[in-house]
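The values are calculated or read from the model by the stated rules, or taken from the named source; none is laboratory data. Being a predicted model, the structure only gives us computed values, none of them experimental. Because the Cβ atoms are built from the backbone with ideal geometry, glycine has one as well, and the counts that use them run over all protein chains shown.
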């Protein structure tokens, strides 16, 4: 059942990224799959953006986007659904290479205003305030978003590490 406007629904933001196996298609397909997760509804989609690989990841460039979800799933349940979608896209996790190239990466960026610190789940995403490829698409669909403990997204885009990164918006597909 899709969530409605009931108070038990939480707004969550999911970061999507891919740099292997037709990245644009990977991201678009994952957006559709997110909308089909039980107790979830996609209520916003950003444009897609090119960004250089992060950390030790090898080229090619990534395509990134952010989706807004309305969900009645608990954060851990939502994370399990994200990992299942990644697995369907043949995501390979390379030990000791956190930034390896990938067919699909889905990150739970924000879950309401929750702050979660578990071994397998940290919300807000611990690196999002440093990544323009997350902040720019997030600001597109949630211009007033705030990252708990870090501040407004619009301010983070203008200062620090994220302000120096080059991220390019993809032209809209025809």
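Yes or no, residue by residue, for (1) modelled with pLDDT of 95 or more; (2) in contact with a helix residue (DSSP H, G or I) (Cβ under 7 Å, 6 or more places away or on another chain); (3) farther than 22 Å from residue 165 by Cβ:
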{"position": "61", "(1), (2), (3)": "no, no, no"}
{"position": "65", "(1), (2), (3)": "yes, yes, no"}
{"position": "75", "(1), (2), (3)": "yes, no, yes"}
{"position": "79", "(1), (2), (3)": "yes, no, yes"}
{"position": "97", "(1), (2), (3)": "no, no, no"}
{"position": "104", "(1), (2), (3)": "no, yes, no"}
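The combined condition, being in contact with a strand residue (DSSP E or B) (Cβ under 6 Å, 6 or more places away or on another chain) and closer than 11 Å to residue 106 by Cβ, is not fulfilled by residue 40. Applying the condition of being within 22 Å of residue 17 (Cα to Cα) and within 18 Å of the chain's Cα centre (by Cα) to the stretch 146-165 and asking which residue is surrounded by the fewest Cβ atoms within 10 Å (Cβ to Cβ) yields 154. When restricted to residues that are in a strand (DSSP E or B) and out of contact with any helix residue (DSSP H, G or I) (no Cβ under 6 Å at 6 or more places or on another chain), the stretch 50-59 contains 1. Of the strands (runs of 3 or more DSSP E) lying entirely inside the stretch 74-163, those containing at least 3 residues that are more than 21 Å from residue 48 (Cα to Cα) are 116-118, 121-123.
Residue check: residue 126 meets all listed conditions (1) crowded, with 18+ Cβ neighbours inside 10 Å; (2) under 28 Å from residue 88 (Cα atoms) but one, namely (1). Being without any contact (Cβ under 8 Å) to a residue 24 or more places away in the chain and under 18 Å from residue 63 (Cα atoms) is the filter here, so list the residues in the stretch 128-163 that pass it. Listed by number, the list holds a single entry, 139. Checking the structure you have, find out if any residue of the stretch 17-33 is closer than 16 Å to residue 103 by Cβ, within 16 Å of the chain's Cα centre (by Cα), in contact (Cβ under 8 Å) with a residue 60 or more places away in the chain and assigned to a loop (DSSP other than H, G, I, E, B). Checking the stretch 17-33: at least one residue is closer than 16 Å to residue 103 by Cβ, within 16 Å of the chain's Cα centre (by Cα), in contact (Cβ under 8 Å) with a residue 60 or more places away in the chain and assigned to a loop (DSSP other than H, G, I, E, B).
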